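Asks: Have a look at this one.
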Amino acid sequence: MIEMSRRKFIKTGAAGIALVSVPMFFKLNPLAAFAGPAGQQRNLKDYYAHFGVDEKTIRDVIAAALDKGGDYCDIFFQHRISNWIGLEDKAVNRAYSNVDFGVGIRVIEGEQTGYSFTEEITPGAMKLAAKTASNIAGQSKNAPPAELKFHQTPNYYPIETLWENVGIDQKIPHLERINDKTFALDRRIIKTRIMFEDESSYVLIATSEGRIVCDYRPMTTLSVVCIAEQNGKREDNYFGFGPRAGFEYFTPEILDFMAEEAVKRTVELFDAVKPEAGEMEVVLAAGNSGILLHEAIGHGMEADFNRKGVSIFADKINKSVAESFVSIVDDGTNPNWRGSINVDDEANDTEMTYLVKDGILKSYLHDRISSKYYNVMPTGNGRRQNFRYAPIPRMRNTYMLPGPHTKEEIIKSVKKGLYTETFTNGEVAIGAGDFSFYVKTGRMIEDGKLTRPVKDVNIIGNGPDVLSKIVMVADDLKLEEGGGYCGKDGQWCLVSDGLPTCKVSSITVGGINA
Amino acid sequence: MNKKERLELANWVVAQAKKAGADDVAVNVVNQRDIEIEYREDQLDKLIESTQNSLSLSIYANKRYSSHTTNDIKKETLAGFITEAVAMTRYLSEDPYRLLPDPKYYANQMEIDLELIDPAYDKVSSEKRVEIAKEIQDKTLGLSDKIISCTSYYSDSFYDTVKVHSNGFEGVREGTSFSSGVEVTVKDGDKGRPADWDWRSVIFFKDLASPEIMAKIAVSRALDKIGQTKMASGIYDMIVENRAVGRIFGDLTGPMRAGSLQQKSSFLEGKLNQKIASDKLTVTDDPFIKAGLGSRLFDNEGMATKRRVMIDKGVLKSYYVDNYYGRKLGMEPTIASSTNTVFECGTRSPEEIIKEVKKGFLVTDFIGGNSNSTTGDFSFGIVGKYIEDGKIIQPVNEMNISGSLTEFWHQLVEVGNDPYIYSSLRRPSLYFKDVQFSGI
């Protein structure tokens, strides 16, 4: 299938996990039910026990939520345990943890949403929240809630050990190893900050249509910030990994690689310049540059924006938007990638959805409301930050499929332009279509060759315009290592993206006017 | 749970943590009620109601530090939570700088009513909330037939926070807030669908902005974007509208934090009492504004707040110094982060300033972009209007500005008379000379 940049690292994974460890947050008693191979058997009974509910209670709550009418109701139980430890000034001297527990209840009538949640999972508290959510309804008659049928989903994020069984004593040496390596690699490094975060999220989702699903969602990020000094000048940069993977992901090789990458990316900035301001040819390096897709097309294809008529892509389905070798997908099924989900947050199966296939705009990214509105199958993009929020269409892993060219060919074809390598953030105006992303590092291309390093420039363009200007796509698709968070309507979701090397014939680069 | 019970719970947590082996403990218990409404196409689109709790505790044990948050505040589960939290802290490295603030900083708290609670909060009915959102929608839709989408918003919130430190601090903070707004999308032929918004937060229900004004501003801003284009790259003057100033100002204050200085990632290190901006920039941190969105008598570390000039006629007068990084740097703590940021305003409106601009841009929004706090390098996407000979000529987008914050703030030549009061950052419009723009 697709060549993933990270696969080589996963392969080197060693399974050596210490036997005795200090638990770091938090084994609620029912969690014991999940002991065993990563608790990923996803047995419904365990989840009922975990949340202290049974089928009858859930059906009663659904009935209460639909008491005043409404077409549909879902209940989203969640228990999230997250840990964060940090190294600063050469010592792991800070730790944070968070436990979050609750249930969200949603009632839909047509396109209207009523939502409430409670942090107390008792029949009384849930029925009260159900009553609050039911205030949206009033017009339609509803069928009595169907019997709940367990829907088994595939597991796209197998891991060896649950994060809550990995002690802080096991994690600390990882940070120390990276720190030592970082300082050993280059004498110009004066400070590092290393952050290690992990999260276990248990969810149980039941719908008034009778589907019930459960999921265990692991997540981790490990990142290194370096500050370097040379001749009185300072620069900083960072590198990190952020998969839905287990502790075993971070092999010694990965840890050393992280230190090397962070140092390299920091010290090369001392030689970096700012490019000339204005429009130019831009070659996006494979991997992290997938942020282009996220901003230029991904958000505009989220179906809520199209249902409301506010996206620049509204009315463009089945129209040609790019060269025939351009295919762009949003995929929830990539093993252990940050944006993957076994099931979306409204109990729909996830999939690989084509946004653009062979240059033709194919499908929006749907949640339940929009798939009903457009009368299409849901695509599994209904996601939420946590139980406090109603789901909305969100991206997962967004990437472009490999194309017919090679990286060498592409770089050679540019007389004067910019090669962008790493990014920090981006933003898009859905309606006008303008989007931008911030290039942390890159290189100039002069006469078909990569030359001086470049830093800290913003790139800005218009979504449909830039898509039509993708003139070359290489065969070297890579997913980004770090991944990040995507914010929309005040909700943050885990996403990732990827890209093969590709060339945009013209885009505006922030820089300096001669 | 009422305020008294929350205080009792916080004190119980302190005692439990000490029993488990903590030397010192800081506890916050927060309760928050929220109601949010989204209204579109003549009906409620979303109605969200919730009450939430959270408890956080910071543990100082054997010179080690950790911090924990949970929303399960039943004593029976908290007991285990606290024991594990203290046990886990032992595995961390020693950090002699982690201590609760010296109690001398808790003292001398002002005794004034900051007017942060609207007694009318409980009297706002569900019908009234929907009525406000509907009125905003109706006023908006009446303004233009180019509107293709309009969503209006209303929300209100009540919070109650209790804070207890084991070395002698106990404080309560309560408040209300009300917000309303609208987002409008208009059709620009087959080019695009520009959108804009107006959204404001206040402490008192009676101070909610008028639906007419919000509708007018959102619609005219969206309509003004019709026909956006990019212009030639070059060096131009720039007026940043008050609403948009937050994005660039935040990148000046971030590097003023002690954490940034101590980590050697601030271009403002060593710049205290030096000029970091032009004479036009005077900024005060004022925690005592009545009904101010950032007003407070004690800060997040329990320290009594003070009014402080941060930047005086371009000279950096104070950093934001918290206790931890303050100790590491050997600096007196000030405040960890801003309360209300107040600019000394000028005398002219942005409209008057525009008349003076030969060639320049009025920036109404930033889109994306970032800045490097270590070096001061920045680059942002902009949306706005092109100005020539004192007149607005053309809406623009898809352009960037770039430069270095070490020079940029010296290019500030005038400050508007229009502070934006719907935020704790009360910023007026700002006029900069000779900014690097990239476009065509």
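Asks: Summarise the partner chain shielding of A:155-168 as one whole number: the mean count of Cβ atoms from other chains within 10 Å of each residue's Cβ.
Replies: 1
Asks: Also, I was wondering about something else. Compare B:Ile421, B:Ile382, B:Ile213 in a GNM of chain B, Cα atoms joined below 10 Å, and give the one with the largest fluctuation.
Replies: Maximum among the listed residues: B:Ile213.
Asks: Additional query: For B:Ile353, A:Ile121, what ranking results if the residue with the fewest other Cβ atoms within 10 Å of its Cβ goes first?
Replies: A:Ile121, B:Ile353
Asks: Would you mind ranking A:Asp67, B:Asp377, A:Asp271 by Cβ crowding within 10 Å, fewest neighbours first?
Replies: A:Asp271, A:Asp67, B:Asp377
Asks: Find, among the GluC sites (Glu not before Pro) in the range B:1-44, those assigned to loop by DSSP (not H, G, I, E, B) with at most 16 other beta-carbon atoms within 10 angstrom.
Replies: B:Glu41
Asks: By how many degrees, 0 to 90 and rounded to 10, does the Cα axis of helix A:55-65 deviate from the longest principal axis of chain A?
Replies: For helix A:55-65, the angle is close to 90 degrees.
Asks: Of A:Ala322, A:Met280, A:Thr333, which is farthest along the charge dipole of the range A:218-351 in the positive direction, counting Lys and Arg as +1 and Asp and Glu as -1 at C-beta?
Replies: Highest projection toward the positive end goes to A:Met280.
Asks: Follow-up. Over the range B:312-440, one equal point on each Cα, no solvent: what is log10 I(q)/I(0) by the Debye formula at q = 0.10, 0.13 Å⁻¹?
Replies: -0.42, -0.68
Asks: Let me ask another. Using the Karplus curve 6.51 cos²θ - 1.76 cosθ + 1.60 with θ = phi - 60°, work out ³J(HN,Hα) for each residue of the range B:188-204 in order, rounded to whole Hz, and write x for Gly and Pro.
Replies: Working through the residues one at a time gives 10, x, 9, 6, x, 10, x, 10, 8, 8, 9, 8, 9, 10, 9, 8, 10 Hz.
Asks: Let me ask another. Search the structure for amide H atoms under 5 Å from the amide H of A:Gly110, placed 1.01 Å from N in the peptide plane, and list their residues when 5 or more places away or on another chain.
Replies: Those qualifying (amide H under 5 Å, at least 5 residues apart or on another chain) are A:Asp71.
Asks: To test your reading of the geometry: what angle, between 0 and 90 degrees and rounded to tens, separates the Cα axis of helix B:3-19 from the longest principal axis of chain B?
Replies: Tilt relative to chain B: about 60 degrees.
Asks: Another question, then. Could you compute the net charge surrounding B:Lys187? Neighbours are other residues with a C-beta less than 10 Å from the C-beta of B:Lys187; K and R count +1, D and E count -1.
Replies: 0
Asks: Would you mind checking A:Lys319/A:Lys503; A:Lys319/A:Lys455; B:Lys225/B:Lys355 for any pair whose Cα atoms are more than 29 angstrom apart?
Replies: A:Lys319/A:Lys455
Asks: As a quick test, which of the pairs A:Lys233/B:Lys359; A:Lys68/A:Lys362; A:Lys127/B:Lys3; A:Lys407/B:Lys191; A:Lys469/B:Lys46 have an alpha carbon distance above 30 angstrom in this structure?
Replies: From the list (A:Lys233/B:Lys359; A:Lys68/A:Lys362; A:Lys127/B:Lys3; A:Lys407/B:Lys191; A:Lys469/B:Lys46), the Cα-Cα distance tops 30 Å for A:Lys233/B:Lys359; A:Lys68/A:Lys362; A:Lys407/B:Lys191; A:Lys469/B:Lys46.
Asks: Of the options B:Gln411, B:Ser149, B:Leu114, report the single residue whose Cα projects farthest towards the positive end of the charge dipole of chain B (beta-carbon charges: Lys, Arg +1; Asp, Glu -1).
Replies: Projecting each Cα onto the dipole axis, the largest value belongs to B:Gln411.
Asks: Starting from the amide H of B:Asn62, placed 1.01 Å from N in the peptide plane, find each other amide H under 5 Å away whose residue is 5 or more places distant or on another chain.
Replies: B:Asp23
Asks: A follow-up question, please. Taking the Cα atoms of the range A:385-436 alone, what are Rg (to one decimal) and Dmax (as a whole number) in Å?
Replies: 17.3, 52
Asks: What residues have an amide H closer than 5 Å to that of A:Glu302, excluding those fewer than 5 places away on the same chain, when H is modeled at 1.01 Å from N in the peptide plane?
Replies: A:Leu365
Asks: Would you mind ranking B:Leu141, A:Leu361, A:Leu450, B:Leu430 so that the residue whose beta carbon has the fewest other beta carbons within 10 Å leads the list?
Replies: If I rank by nearby Cβ atoms, fewest first, I get A:Leu450, B:Leu141, A:Leu361, B:Leu430.
Asks: Sticking with this one: Rounded to the nearest 500, what is chain A's calculated 222 nm mean residue ellipticity when only DSSP H runs of at least 4 contribute -39500 (n - 2.57) each, over all residues?
Replies: Value at 222 nm, helices only: -5000 deg cm²/dmol.
Asks: Hey, could you pull the Cα Rg and Dmax for the range B:84-181, both in Å?
Replies: 23.3, 66
Asks: For chain B, what does the alpha-carbon gyration tensor say about shape, rounded, prolate or oblate, given a ≥ b ≥ c as the root eigenvalues, a/c under 1.5 as rounded, and a/b over b/c as prolate?
Replies: Note, shape of chain B comes out oblate.
Asks: Which of the pairs A:Lys181/A:Lys412; A:Lys316/A:Lys372; B:Lys306/B:Lys385; A:Lys131/A:Lys488; B:Lys275/B:Lys433 have their Cα atoms more than 29 Å apart in this structure?
Replies: Exceeds cut-off: A:Lys181/A:Lys412; B:Lys306/B:Lys385.
Asks: May I pose another question? Setting aside same-chain residues fewer than 8 positions from B:Lys206, which aspartates and glutamates have a Cα under 16 Å from its Cα?
Replies: B:Glu115, B:Asp118, B:Asp122, B:Glu131, B:Glu135, B:Asp156
Asks: Which angle from 0 to 90°, rounded to the nearest 10, does the C-alpha axis of helix A:252-267 make with the longest principal axis of chain A?
Replies: 50
Asks: Further question: Out of A:Met377, A:Thr113, A:Ala245, whose Cα points farthest toward the positive end of the dipole of chain A (charges: +1 Lys, Arg; -1 Asp, Glu; placed on Cβ)?
Replies: A:Thr113
Asks: If you don't mind, there's one more thing I want to ask. Between rounded, prolate and oblate, where does chain A land on the alpha carbon gyration tensor, with a ≥ b ≥ c its root eigenvalues, rounded for a/c under 1.5, else prolate if a/b exceeds b/c?
Replies: It is oblate, given that a/c is not under 1.5 and a/b is not larger than b/c.
Asks: Could you tell me the ratio Rg/Rh of the protein assembly as shown? Both radii from Cα atoms, Rh via Kirkwood.
Replies: Looking at the protein assembly as shown, the ratio lands at 0.93.
Asks: Scan the range B:128-183 for trypsin sites (Lys or Arg not before Pro) in coil per DSSP, keeping those whose Cβ has at most 13 other Cβ atoms within 10 Å, and list them by number.
Replies: Sparse-neighbourhood loop trypsin sites (Lys or Arg not before Pro): none present.
Asks: Work out from phi, with θ = phi - 60° and the Karplus expression 6.51 cos²θ - 1.76 cosθ + 1.60, the ³J(HN,Hα) of each residue of the range B:309-326, listed in order in whole Hz, and give x for Gly and Pro.
Replies: Computed from phi, the couplings for the range B:309-326 are 7, 8, 10, 10, 6, x, 8, 6, 9, 8, 9, 8, 10, 8, 5, 5, 6, x Hz.
Values in this text are rule-based calculations from the coordinates and carry no lab data. Computed from a predicted structure; not experimentally measured. Positions of Cβ are backbone-derived with ideal geometry, glycine not excepted, and every protein chain shown enters the neighbour counts.
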